[in-house]
Each structure stands twice: as C-alpha cells, then as structure tokens.
Amino acid sequence: MKIKVIMWLSVLILSLSACASKSLSNIPANTNKEYNENKTLQIKRLDASTFKQDRVNNLLMFIDRFSNGTLEAQKKLLNETNRALIENKADLTERIKLAIMFSLPSSRVRDPAKAQVLLQDLLQENGLNPTESALTSLFYEHVLDDIKVAQKNKEDLKRLELYQQKLESLQQKYDALDKKLNDLKNIEKTISDRDSKASLKPVIKP
C-alpha cells in the first residue's frame, strides 16, 4: 500500500470522525437539570474528541514532515521520539510516531519487524480512539504485506540458489562425462593411428 493511499484514507477517517462528533449536539434536554448535565457531558465529549482529532492531525503532519526529511533529519526525529518514550513509555502519540517511522516506505530507518511489534501492541490498547485505531490498522496491514513480500522474496531467492546448485552439479557431471568421452576418442585415435602405421610397414619375406 503506497503512503499516499495511507494519507488519503487517514484524512477520510478524520473527516468521518469529525462528522460523528457533530452529532453529539443532538442530545435531547427534557429538564433544566438534565439539560445542564447533558450539556456538560456534551462539552466534555467534544473537548476530548477535539483533543484526539488534534492528536491525529499532528500525526498526519508528522508523517508528511518525516517522509520529506533527509537521513539526518529522520534520525533526529527518531532520537527525539526515543528520548520522549524513555521519559514516558505510555505516551501513545510518541509510540505511534515510533511505529510510523519504522513503517513508512520513505523511511531511511525503516524496520518492518520492529514496526509490526509496535503496531500490534498499539492495536491492543484501549486508549486509541477510532481514528487513531484506523490509522494504526492501515500501517499494520501495510507492514504485514511488506513482510509477506519480503518473506516470499527470501523463499524465491533460496529456491534460485538451490536451482543454481543443481545446475552447477549437473554441469560438473556433464564436464566429467565430456572428459571421459574425449579420453575415449583420444584412445581410439591412438589405436587407429598405430594400426595404420603397422599396415604401411613393408612385409619382409623370408
């Protein structure tokens, strides 16, 4: 899956999430007390939703910045993320960033095996909102596909090496047979030449 596809799908997911947040404004108010409680709950939900959407927006901007970065720039971002995780291992945003850096096709520090473990752990978290979960799932599927392709290429390479070994073995057998055939031809020629010389010698009568 190309990174542009991931980006477009992420934006689509983000838009759908925003639409879902707007639906919270339709909470009915039967009494003043109930209305106030619902209004407070609505504000809390909207604040949490806005925070999570901002977090996803930041992740999308991070993806764009990291993808266009040089090797040194990407290494710097990786080191910054690792330092942040040393201070707080539970930071979901930094954990997602780390997984993304190991997942992106444009990453110069790419490591699909590490990315798979990190993304799998993230998907088991309860702290991810639907948008983050969808974004993480996209990268996880991409990494799995990439690992499958790499594994297939590895198996193909092993088969090719096996075929080459068999071919070399057959070539050695062919060379050995060819040498034996040439040796037999040389022996036959030697015998033929000797017989020819013997037949040309004059016969001495007693």
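Does SER137 satisfy the criteria of being part of a helix (DSSP H, G or I), modelled with pLDDT of 90 or more and either over 28 Å from LYS75 (Cα atoms) or among the hydroxyl-bearing types (Ser, Thr, Tyr) (or both)? Don't jump to the end; show me each part of the working.
Details: part of a helix (DSSP H, G or I): yes; modelled with pLDDT of 90 or more: yes; either over 28 Å from LYS75 (Cα atoms) or among the hydroxyl-bearing types (Ser, Thr, Tyr) (or both): yes.
So SER137 fits the description; yes.
Return the residues of region 51-83 that are without any contact (Cβ under 8 Å) to a residue 24 or more places away in the chain and of a type in the set (Gly, Ala, Ser); say none if nothing qualifies.
Within region 51-83, GLY69, ALA73 meet the criteria.
Using the structure shown, decide if GLU94 is in contact with a Leu (Cβ under 6 Å, 6 or more places away or on another chain) and charged (D, E, K, R).
Details: in contact with a Leu (Cβ under 6 Å, 6 or more places away or on another chain): yes; charged (D, E, K, R): yes.
For GLU94, the condition - in contact with a Leu (Cβ under 6 Å, 6 or more places away or on another chain) and charged (D, E, K, R) - is met.
I'd like the full set of residues that are part of a helix (DSSP H, G or I) and either β-branched (Val, Ile, Thr) or farther than 19 Å from ALA150 by Cα (or both), limited to region 86-117. First the steps, then the outcome.
Filtering region 86-117 down to residues part of a helix (DSSP H, G or I) leaves 86-87, 92-103, 112-117.
ILE86, GLU87, LEU92, THR93, GLU94, ARG95, ILE96, LYS97, LEU98, ILE100, VAL117, listed by residue number.
Taking the conditions exactly as written (out of contact with any strand residue (DSSP E or B) (no Cβ under 6 Å at 6 or more places or on another chain) and either closer than 19 Å to ASP54 by Cβ or in contact (Cβ under 8 Å) with a residue 12 or more places away in the chain (or both)), does GLU155 satisfy them or not? Spell out how you get there, then give the answer.
Values: out of contact with any strand residue (DSSP E or B) (no Cβ under 6 Å at 6 or more places or on another chain): yes; either closer than 19 Å to ASP54 by Cβ or in contact (Cβ under 8 Å) with a residue 12 or more places away in the chain (or both): no.
Against the criterion (out of contact with any strand residue (DSSP E or B) (no Cβ under 6 Å at 6 or more places or on another chain) and either closer than 19 Å to ASP54 by Cβ or in contact (Cβ under 8 Å) with a residue 12 or more places away in the chain (or both)), GLU155 does not qualify.
In the list LEU135, LEU122, LEU118, which residue meets the criterion of being under 14 Å from ARG55 (Cα atoms) and either buried (at least 18 other Cβ atoms within 10 Å of the Cβ) or not aromatic (Phe, Trp, Tyr) (or both)?
On the way: LEU122 fails: under 14 Å from ARG55 (Cα atoms); LEU118 fails: under 14 Å from ARG55 (Cα atoms).
Answer to the selection: LEU135.
Tell me yes or no: at least one residue of region 173-186 is closer than 30 Å to LYS75 by Cα and either assigned to a helix (DSSP H, G or I) or acidic (Asp, Glu) (or both).
Filtering region 173-186 down to residues closer than 30 Å to LYS75 by Cα leaves none.
No, region 173-186 contains no residue that is closer than 30 Å to LYS75 by Cα and either assigned to a helix (DSSP H, G or I) or acidic (Asp, Glu) (or both).
May I ask you to verify whether THR81 is at pLDDT 90 or above, part of a helix (DSSP H, G or I) and of a type in the set (S, T, N, Q)?
yes
Would you confirm whether any residue within region 146-158 is surrounded by 14 or more Cβ atoms within 10 Å (Cβ to Cβ) and within 21 Å of the chain's Cα centre (by Cα)? Break it down into steps so the answer makes sense when it comes.
The first filter runs over region 146-158 and keeps only residues surrounded by 14 or more Cβ atoms within 10 Å (Cβ to Cβ), leaving 146-147.
When the remaining residues are screened for being within 21 Å of the chain's Cα centre (by Cα), the result is 146-147.
Yes, the conditions are met somewhere in region 146-158.
Given TYR163, TYR140, which one is among the hydroxyl-bearing types (Ser, Thr, Tyr) and under 14 Å from LEU119 (Cα atoms)? Reasoning before the result, please.
Working: TYR163 fails: under 14 Å from LEU119 (Cα atoms).
Only one candidate qualifies: TYR140.
Which one of these does ARG108 not meet: (1) over 18 Å from SER133 (Cβ atoms); (2) of a type in the set (D, E, K, R); (3) crowded, with 17+ Cβ neighbours inside 10 Å?
(3)
Just to be sure I understand the filter: pairs with C-beta atoms under 6 Å, separated by 6 or more residues or on different chains, first member in region 84-101 and in contact (Cβ under 8 Å) with a residue 12 or more places away in the chain, second member surrounded by 17 or more Cβ atoms within 10 Å (Cβ to Cβ) and among the hydroxyl-bearing types (Ser, Thr, Tyr). Which pairs pass?
Between residues of region 84-101 that are in contact (Cβ under 8 Å) with a residue 12 or more places away in the chain and residues that are surrounded by 17 or more Cβ atoms within 10 Å (Cβ to Cβ) and among the hydroxyl-bearing types (Ser, Thr, Tyr), the close pairs are GLU94/THR81; LYS97/THR81; LEU98/THR81; MET101/SER107.
Identify all residues within region 86-101 that are hydrophobic (A, V, I, L, M, F, W, C) and farther than 19 Å from VAL56 by Cβ; write none if there are none. Even if it seems obvious, please write down each step before you answer.
Here is the first cut: in region 86-101, the ones hydrophobic (A, V, I, L, M, F, W, C) are 86, 90, 92, 96, 98-101.
Within region 86-101, ILE86 is the sole residue that qualifies.
The values are calculated or read from the model by the stated rules, or taken from the named source; none is laboratory data. Just so we're clear, the structure is a prediction, and the values are computed from it rather than from any experiment. Counting neighbours? That spans all protein chains shown, and the Cβs are built from the backbone with ideal geometry, glycine included.
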